[in-house]
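The values are calculated or read from the model by the stated rules, or taken from the named source; none is laboratory data. Because the structure is predicted, anything quoted here is derived from the model rather than measured. Neighbour counts are summed over all protein chains in view; Cβ atoms, including those assigned to glycine, are modelled from backbone coordinates with ideal geometry. Only protein heavy atoms, including side chains, enter the accessible area calculation; ligands, DNA and RNA are left aside. Shrake-Rupley method; radii C 1.70, N 1.55, O 1.52, S 1.80 Å.
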Amino acid sequence: MRNETDKATIKQVPSHVAIIMDGNGRWAQARGLERSQGHVEGVNTVRRITEVASEMGVRYLTLYAFSTENWNRPKEEVDALMHLIGIAIERETPDLIKNNVRLTMIGDVERMPSDALERLRGCIARTSHCTGLNLNLALSYSARWEIADAARRIASDAVAGKIDASAIDEATVSSYLTTAAMPDPDLLIRTGGDLRVSNFLLWQIAYAEIYVTPTYWPDFTKEAFREALAQFGCRERRFGLTGEQVRAI
């Protein structure tokens with residue numbers, strides 16, 4: 001009953017929520033733990049936020065799990081995180097299927113270790129029939145890499161005569177991005193308190209509402225997620241129009 005009540009009090013549930021999951025390492029260090037322990041606890045948060053997003057009727061949930069810049073972190077931390085991602089996804093696959101959650105991923109994933117990539121692709125194949133929440137993991141991802149890759153492919157297709165260069169517009173660019181099959185995010189959540197977007201979905205979040213919380217990702221609760229959605233529901237999204245124009249629509 002509580003989930004239904006909470007959902008009823010939210011004026012508008014976003015179709016697509018994107019989250020920068022920040023603060024795992026700082027959460028662990030504040031407790032005298034190894035940074036890797038923060039990533040372990042962060043996996044538990046992924047599970048509960050996926051659950052509540054599905055309950056609330058969110059259709060797409062994109063989680064910034066690992067950026068291309070993260071490859072520059074200490075090798076021990078990167079190796080531990082890659083191992084954790086693969087193991088966690090394989091472990092969670094039965095529950096994803098049970099809850100009708102489909103897994104997808106975006107990013108320069110060929111850079112990932114073969115074992116982790118194989119486990120991820122196995123989960124993607126096993127959940128491909130699911131029709132509920134689409135859980136989209138951004139792995140080895142950066143928006144600048146994505147836009148540059150799209151530009152290369154657009155140029156190649158233009159040279160090959162597959163598209164008319166003079167007709168290239170915003171819709172054309174969007175169709176070449178890794179997120180072409182999903183709507184742009186309505187809401188961008190960042191945990192950990194930093195006020196930046198960190199090279200995440202730069203094209204797609206042009207008109208996303210932004211919600212930043214100082215809470216570290218491992219401490220981000222279902223209630224905190226519902227609060228972010230409630231605040232989103234109270235905002236007026238104008239898309240360049242005046243408030244009067246929006247209210248007249």
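Scanning region 69-89 for residues that are over 19 Å from the mean Cα position of the chain (by Cα) and open to solvent by 30 Å² or more (accessible area, probe 1.4 Å) turns up ASN72, ARG73, PRO74, LYS75, GLU76, ASP79, ALA80, HIS83, ILE87. For region 28-39, taking the residues that are of a type outside the set (A, V, I, L, M, F, W, C) and in contact with a helix residue (DSSP H, G or I) (Cβ under 9 Å, 6 or more places away or on another chain), the one that is surrounded by the most Cβ atoms within 10 Å (Cβ to Cβ) is identified as HIS39.
Of the residues making up region 96-105, those that are under 19 Å from the mean Cα position of the chain (by Cα) and surrounded by fewer than 16 Cβ atoms within 10 Å (Cβ to Cβ) number 1. Only one of the listed residues (ILE154, ILE163) is part of a helix (DSSP H, G or I) and either surrounded by fewer than 13 Cβ atoms within 10 Å (Cβ to Cβ) or hydrophobic (A, V, I, L, M, F, W, C) (or both). That residue is ILE154. Within the option set LEU81, LEU117, being more than 27 Å from GLU227 (Cβ to Cβ), at pLDDT below 95 and among the aliphatic types (A, V, I, L, M) holds for one residue only, LEU81.
The condition (being among the polar types (S, T, N, Q), at pLDDT 95 or above and in contact with a Cys (Cβ under 8 Å, 6 or more places away or on another chain)) is satisfied by just one residue among ASN72, ASN136, ASN100: ASN100. Are any of the residues in region 191-200 of a type in the set (Lys, Arg), open to solvent by 30 Å² or more (accessible area, probe 1.4 Å) and under 17 Å from the mean Cα position of the chain (by Cα)? The answer is yes; a qualifying residue exists. Scanning region 106-143 for residues that are within 16 Å of the chain's Cα centre (by Cα), over 15 Å from ALA181 (Cβ atoms) and either among the basic types (Lys, Arg) or open to solvent by 40 Å² or more (accessible area, probe 1.4 Å) (or both) gives a single hit, ASP108.
Of the numbered criteria (1) of a type in the set (Phe, Trp, Tyr); (2) touching a Phe, Trp or Tyr at 6+ places or on another chain (Cβ under 8 Å); (3) open to solvent by 30 Å² or more (accessible area, probe 1.4 Å), the one PHE66 fails is (3). Residues considered: GLY25, GLY42. Of these, the only one that is buried (at least 23 other Cβ atoms within 10 Å of the Cβ) and at negative phi is GLY42.
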